[in-house]
Structures are given as C-alpha cells and as structure tokens.
Amino acid sequence: MPLPVRSGEVSADHVLLPLDDPPPLVALRRRLFEAIRAIVAGPNGEQRERSDRVREQTWPHLTLAQSLDAGCWERAMALLAQEGAWVSRPVLGADLALLSRDVETGEPYRIVHRVALEQPSAR
C-alpha cells in the first residue's frame, strides 16, 4: 500500500492524505483563489503587492499532522500502514473550506470562505 504522502511534494514532517481533484473542484478552487486575492488587494487595489504574495495549494489534501520530528513521523507512517486501504479511499464532505494564513507573520490558518458541496434540498 502506498503511503499517504506525495513524494517530492511534501516534506517528511507532514502526514497528508491526498484527495481527489475532479475538474469541478479545480474550477471552484480557482474561482475561490481569484476571489481571495481580490479581497486581499482591497477595494481599490491598494494592497496589490500583498495580494501578489497569496499562493494557491494546487492539490487538495487533508493534513493529519505537521511539523513532526523524525520519530513521530515514522510512527505515524507505521500506524497508517496498519490501518489498511481506507487511507486511499475518497474522503467525502459536505462543504469546502478555503484556508489562509500569512506565512511571513507566522499567523495560524483560518477559514476565510466556505462553499457547500451539495445543493440544499427544496422543501
């Protein structure tokens, strides 16, 4: 069973589960990215230089842990390997959250926008 990390794309101190990236999700994520850059730029574009620093994560994933030391990472990989094939199955959710943080200031991630993945049923 392959480990739930993408070699070459993540460091060994993160335990990540890659998620499916179908075209509708790619398009939605791109629209959200463009919208958040416009918000960061300000109503008149006066913060355009800050907006230019906004980066998009180009592949969706679920972060289980980050900033692990080598021993913790090895134990995490062993535990996930014991769990079996569930780690490679699709993860289902009701909404998509756009997370953001200012890396330079070290601020924590925060949810800046949510989008429902299912249309509410008409009653």
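The values are calculated or read from the model by the stated rules, or taken from the named source; none is laboratory data. As the structure is a computational prediction, the values presented were derived from the model and not from experiment. Don't worry about glycine lacking a Cβ; one is built from the backbone with ideal geometry, like all the others, and counts go over all protein chains shown.
The C-beta contact set for segment 21-47 (first residue closer than 14 Å to Leu99 by Cα and touching a residue at least 12 places away in the same chain (Cβ under 8 Å), second residue part of a helix (DSSP H, G or I) and not polar (S, T, N, Q), distance under 7 angstrom, 6+ apart or interchain) comprises Val40/Arg50. Segment 10-123 holds helices (runs of 4 or more DSSP H) entirely within its bounds, and those carrying 2 or more residues that are in contact with a Leu (Cβ under 8 Å, 6 or more places away or on another chain) and either modelled with pLDDT of 85 or more or not hydroxyl-bearing (Ser, Thr, Tyr) (or both) map to 23-41, 70-83.
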